[in-house]
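**Student:** Before I ask anything, here is the structure I am working with.
The values are calculated or read from the model by the stated rules, or taken from the named source; none is laboratory data. All of these numbers come straight from a predicted model, not from anything done at the bench. Using ideal geometry, Cβ is built from the backbone for each residue, glycine included, and neighbour counts are taken over all protein chains shown. Areas reflect the complete protein model, heavy atoms only, side chains present, ligands, DNA and RNA absent. Shrake-Rupley method; radii C 1.70, N 1.55, O 1.52, S 1.80 Å.
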Amino acid sequence: MIGERIGSYISKRGEPVSFVQAYDNSRGRLINIMWDNIKYEPLQGIGFGIASVPALMIVKRDPVFHLPVSAVVEKGVLPLAVLEEVGVFGLLGVAIWGWMILGRSARAGVGTLAVSITALLLNMGESTLFSPGGLGLLLLILLSWAFANGYEGGGDDSNEC
């Protein structure tokens, strides 16, 4: 019974498929659109926080000043989303930043490294890391905690005066 429930959840209550097929059914459309944008703007990207199809963005505005306050942008996979939005050089910067976080969190221990890896892997299904108004803020706090725990020279060391 539990296996059936898990299978139903993974296949999104459709016909039973493999994990790879379920991932493609869920994110494949978004990934294809992002690849098209990457082909056209590989170096600079389309802009941070811009939807893959800008014409479909719904922008909510402040009723008094009519300034934009939110725009829902759904991206699939974090590395592709970063490449699409900020290009090759931005992806390189984010990759270096991620490598630094993993390196520092590894120095802090297995538990801290596991939290960092989990936070980053969550973004392979839904890119939320750079949406600090939602789940992204929690992930940024966890990654900051992991980074700070691995800092050499930080913390309370009883051998120092």
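**Student:** Out of all the residues in the range 72-94, which are more than 14 Å from M124 (Cα to Cα) and either touching an Asp or Glu at 6+ places or on another chain (Cβ under 9 Å) or hydrophobic (A, V, I, L, M, F, W, C) (or both)?
**Tutor:** Answer for the range 72-94, where residues must be more than 14 Å from M124 (Cα to Cα) and either touching an Asp or Glu at 6+ places or on another chain (Cβ under 9 Å) or hydrophobic (A, V, I, L, M, F, W, C) (or both): V72, V73, E84, V86, G87, V88, F89, L91, L92, V94.
**Student:** Next question. Test S127 against the stated conditions and say whether it is touching a residue at least 12 places away in the same chain (Cβ under 8 Å), surrounded by 15 or more Cβ atoms within 10 Å (Cβ to Cβ) and of a type in the set (S, T, Y).
**Tutor:** yes
**Student:** Of everything in the range 141-151, what is of a type outside the set (V, I, T) and open to solvent by 50 Å² or more (accessible area, probe 1.4 Å)? Give them in sequence order.
**Tutor:** Scanning the range 141-151 gives L142, S144, W145, F147, A148, N149, Y151.
**Student:** Check the range 51-68 and report whether any residue there is under 15 Å from the mean Cα position of the chain (by Cα) and surrounded by 15 or more Cβ atoms within 10 Å (Cβ to Cβ).
**Tutor:** For the range 51-68, residues under 15 Å from the mean Cα position of the chain (by Cα) and surrounded by 15 or more Cβ atoms within 10 Å (Cβ to Cβ): present.
**Student:** Filter the range 39-48 down to residues that are open to solvent by less than 60 Å² (accessible area, probe 1.4 Å) and free of Cβ contacts under 8 Å to residues at least 40 places away in the same chain, then give me how many there are.
**Tutor:** Total meeting the criteria: 2.
**Student:** Find all pairs meeting these conditions: Cβ atoms under 6 angstrom apart; at least six residues apart or on different chains; first residue within the range 57-70 and without any contact (Cβ under 8 Å) to a residue 40 or more places away in the chain and closer than 24 Å to I46 by Cβ; second residue open to solvent by less than 100 Å² (accessible area, probe 1.4 Å) and of a type outside the set (A, V, I, L, M).
**Tutor:** Listed pairs, sorted by first residue: V59/P68; K60/S70; R61/P68; V69/D62.
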